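> Pasting a structure below so you can have a look.
Derivation of every value follows stated rules applied to the coordinates shown; laboratory data play no part. Note that the coordinates shown come from a computational prediction; the quantities given were computed from them, not determined experimentally. Neighbour counts run over all protein chains shown; Cβ positions are idealised from the backbone, glycine included.
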Amino acid sequence: MENENNNITKKKGKNLVIIISVLVIVILSLICYICYDKGIIFSSNKTSTTKTTEKEKNDSPNKNEEKEEEEENITFSDSELETYVNYISPVSNGPSALIYNTDHISSKNLSPAKKIEYIGSHIYSKHTSTPDFQYDIISENDIKNEIEKIYGKNSYERTSFNLGCGDYNLNQNEGNYYSKTGCGGSNATFVSNIVIDYKATKKKLEITTVYAFIDGMENKIYKDYNKSIPLDNYTDGNVEPTTFLNEYIKNNKDKLNRIVYTFESNDGINYYFKEFTNNK
């Protein structure tokens with residue numbers, strides 16, 4: 001009888017140990033699950049955290065400061081703005097149709113010859129003549145330097161071109177372009193193109209100009225290149241036409257046509273011509 005009681009007691013003890021062990025396992029499992037779910041151990045958020053860290057790097061104050069710096073307004077003097085506008089200056093006997101009778105040009109769509117033609121006045125200013133004055137000569141290096149100053153590095157390509165007075169062809173042995181001389185003539189139509197506004201950041205420079213024309217024979221001021229929209233009379237013959245026109249444009253800019261010139265920069269220092277839009 002006593003042995004049976006001992007056996008029963010032993011069985012109860014074993015059962016109690018098993019129950020306690022199961023409870024401990026359940027409790028530990030529950031604790032582990034809670035810790036796992038909260039990311040305390042075996043975190044499932046490692047990838048997310050890495051991505052968040054990368055995002056924080058990208059959104060760091062330095063990045064924001066760089067962006068703000070690029071968008072910060074830059075100041076240009078009047079003379080600097082005029083210099084940029086005057087980069088686009090084809091050789092022309094009178095106002096140039098390439099500017100004032102053209103809606104839009106983009107530098108990326110200009111052929112090598114057209115790139116030279118659109119800055120023709122700068123190119124032609126470099127010319128000399130042969131001793132017998134039969135030919136104009138322009139150094140290839142001078143042309144290359146002007147092209148890359150206005151359109152950007154590596155934008156020059158060898159080509160024949162026309163500056164309105166004749167065709168220029170390259171003599172590679174001498175490194176010069178030659179053309180038969182023969183420019184001449186006069187024109188009684190005058191144009192003024194005046195800067196009225198600009199926006200500039202380290203990435204982009206946009207310059208807005210307004211323009212008008214005077215026909216010196218008719219003594220009339222016109223809005224458009226084709227002189228189909230008369231505006232006023234040129235009333236003061238004692239004032240040189242362009243001086244009179246400059247003052248007229250400043251006082252009547254709201255009713256005149258506008259051109260927006262766009263230049264872009266990679267360093268916030270050198271700005272290169274990209275396009276212009278004429279709202280004629």
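> If I take R0 = 25 Å and measure r between the Cβ atoms of residue 203 and residue 121 in this structure, what FRET efficiency does the formula 1/(1 + (r/R0)^6) give, to the nearest 0.05?
0.35
> Hull surface divided by four, with the convex hull built on the Cα atoms of the range 88-130: how many nm²?
Its average projected convex-hull area is 3.7 nm².
> How large is Rg/Rh for the range 72-148, to two decimals, with Cα atoms and a Kirkwood Rh?
1.04
> I want the local charge near residue 90. Using Cβ-Cβ distances under 13 Å, sum +1 for each Lys or Arg and -1 for each Asp or Glu among the other residues.
Surrounding charge for residue 90 is +1.
> Any chance you could run the full-extension gain for residue 72 through residue 101? It's 0.36 nm times the residue separation minus the Cα-Cα distance, nm to one decimal.
Here the segment from residue 72 to residue 101 would lengthen by 7.0 nm.
> What is the Cα radius of gyration of the range 150-270 over 2.2 N^0.38 Å, N being its residue count?
Its radius of gyration relative to the 2.2 N^0.38 Å reference: 1.44.
> Could you give the dipole magnitude of the range 79-187 about its Cα centre, charging the beta-carbon of Lys and Arg +1 and that of Asp and Glu -1, in debye to the nearest 20?
220 debye
> How large is the charge dipole for the range 116-171, taken about the Cα centre, if only the Cβ atoms of Lys, Arg (+1) and Asp, Glu (-1) carry charge, to the nearest 20 debye?
Charge dipole, the range 116-171, about its Cα centre: 220 debye, nearest 20.
> Treat each spin label as a single point 7 Å out from the Cα along the C-beta direction, and report the residue 236 to residue 83 distance in nm.
3.1 nm
> Right, next: Between residue 246 and residue 133, what length comes free when the chain is fully extended (0.36 nm per residue of separation minus the Cα-Cα distance, one decimal in nm)?
That works out to 37.0 nm of additional length.
> Taking 0.36 nm per intervening residue step and subtracting the Cα-Cα distance, what contour gain separates residue 154 from residue 266 on full extension?
38.9 nm
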